[in-house]
Every structure is written in structure tokens, then in C-alpha cells.
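Participant: Below are the C-alpha cells for one structure; questions will follow.
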Amino acid sequence: MPSVRELLGFGESDGVNNLVILNGYPLAVVVAISLHILLLGGLVYLQSNSQSQALELIQPTVIKALLIEENPQVANQRAQENRRLEAKRRETERANAAAQKKREEQTEEKKRQEEAAKKREEQRIAQQRADAQALAKREKAQAERDREQAEARQAKQREEQAQRDREAQQRKEREEAQNAAAAEAASSEFELVQSATGLIQQLVTDNWSRPPSARNGMRAVIQIKMLPTGELVDVRITQSSGDPAFDRSAENAVYRAAPFAELTALPIRVFNQNFRTLSLIFQPEDLLN
């Protein structure tokens, strides 16, 4: 027959736990044992009274008493331990989550930095390319400006040279014209001077009465000063012939011939250069002795 321990459902390995349960709930245990004993006694009584019938012994159903309550102190300790473990688990989870988040943030930051570095490198390369293009463009524009300026300088130099050549040609032509005009004017002026001088000499000769003392070889030079109107300003003997009568006759001839009105037709320059002061030579060459 099963023992009371077996009927109560206690195994060898459950001794310690069951003792703990019995220690906490004695009345329930006693009631359960009493019920089992009464049930067992009733079965034995029924078997002994039924001699005419063979009754098959029915194995009683083993009812295990499960205690649904436990020691409050143990439960409190277990609850505290569970809370501690739960708190530790949650702390570990939070730490793991924080570490995971930190790793993700570090990975994201590294990725962001790599993308930023890549973008900066692309921008640097693009800027270098743009700078190179801009520099090439500026150099090309500068070369074009230099070429245009060189062509402009060359054109200006050619124009200046052509202008100098034209001016030189014009100067040459003017000089030639001036020389021709001067030559013509000199020729005309010479003719005017010769004509006016001859006229004065003729007038003076026509008015000269030579004295009886005049002889071949005598020579008197008289300097006269005149106005552009032909009037005398001064008459002076600069070289005497040695014969006072001859010298006086020469002076008188000049006074009688004046004024020389023909001089008014001369240009003032010609007059100033040739007739403002004029020297006349009196030298008889047609005498017999």
C-alpha cells in the first residue's frame, strides 16, 4: 500500500520543498491527511463486508495537494530578487541599447563625415576645375587683348609713320615751294633792288654837275639815309675824293635828285634791307684827263 507521503504526492526529491510547505500551512495538511485516512478506512470496510462478491480493488486517485500560498518573507525576498534581476536586465538592456545607439550614431557620424569629406573633395576638384577653366579663360582673354593691343600699336605705329612721312613730304614740298618762292622772290627782289638802285644812280647822275677840277681817278663815297617815302634824312661823305669842290658837287647832286618817290613802291622789308642806308660812289670815268 502506498504510504501517507506517497498518498500526499511527496517524492524523495520533494522533501525539502514539501517540508517548507507544511511548515507554513499545518491545518490544511492535517485536513488533507484526515480525508485520505477516512477514505482508506471506508474502502477497507467495504472489502471486508462483501464476501459473496469479489470486488476489484480500485486504485484510488492520488490527489496532490498544491499549496497556492507561500511564506511572505520568502515571497518578498523572491520578489525583491526578481525586481533586482529585472532592474539589472533592464539596465543591461538600456546599456546595450545605449551602446547600440552610440555605435549607430558613431557609424552614422562616420558615414556623415565620409560623405562630407567626399563632398568637400568633389567641391575642391570642381573648384580646381572651375579655377583652371577661369584661368584659361582669363589667359585666353588676356592673350586676345595683348594681340589686339599689339595690332593696335602696330597700326598706330604705321599710321604715325605714315603721318610722319606725309608731314616730311609736306615739309619737303613746303621747303621746295618756299625755296622756289624765295628764289623767285630773291630774283624779284634783286631785280627790284637793281632797278631802284639804278633809278637812284640815274637821278643823281642827271643832277650831278662836275666841277672843272674833276679828274679821272677821283672817287668820293657818300652815304645817304632815307625814309620809305624816299625823303632824305642824312647825307654824309664817308670817303672823300681829296677835292672839296668834287665832294660838294656830289652832295648837291643827291639833294637835287631827292626825294626818291619811286622807293614808295618797294616792300618795306626790301627798303629796310637795301635803301634805308645807301652808299653812292661818285667816280668820273668819261673825262679826257
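Participant: Identify the residue in the stretch 260-278 that is free of Cβ contacts under 8 Å to residues at least 60 places away in the same chain and of a type in the set (Val, Ile, Thr) and, among all such residues, is surrounded by the fewest Cβ atoms within 10 Å (Cβ to Cβ).
Facilitator: Looking at the filtered set, the residue picked out is 268.
Participant: To continue, here is another question. From the set of residues in the stretch 200-233 that are among the aliphatic types (A, V, I, L, M) and in a loop (DSSP other than H, G, I, E, B), which is nearest to residue 248 (Cα to Cα)?
Facilitator: Here the residue is 214.
Participant: Right, here's the next one. Tell me whether the stretch 75-84 contains one or more residues that are out of contact with any strand residue (DSSP E or B) (no Cβ under 7 Å at 6 or more places or on another chain), at pLDDT 90 or above and farther than 30 Å from residue 27 by Cβ.
Facilitator: Within the stretch 75-84, one or more residues are out of contact with any strand residue (DSSP E or B) (no Cβ under 7 Å at 6 or more places or on another chain), at pLDDT 90 or above and farther than 30 Å from residue 27 by Cβ.
Participant: Looking at 92, 197, 107 in this structure, which one is part of a helix (DSSP H, G or I), in contact with a strand residue (DSSP E or B) (Cβ under 9 Å, 6 or more places away or on another chain) and either in the same structural domain as residue 275 (by TED's automatic domain parsing) or not hydrophobic (A, V, I, L, M, F, W, C) (or both)?
Facilitator: 197
Participant: Follow-up. Here are the criteria: (1) of a type outside the set (D, E, K, R); (2) at pLDDT 90 or above; (3) under 30 Å from residue 281 (Cβ atoms). Tell me which single one residue 169 does not satisfy.
Facilitator: Only one criterion in (1) of a type outside the set (D, E, K, R); (2) at pLDDT 90 or above; (3) under 30 Å from residue 281 (Cβ atoms) is unmet by residue 169, namely (3).
The values are calculated or read from the model by the stated rules, or taken from the named source; none is laboratory data. All figures in this text were calculated on a predicted structure; none of them were measured in a lab. In this analysis, Cβ positions are derived from the backbone assuming ideal geometry, glycine residues included, and neighbour counts consider all displayed protein chains.
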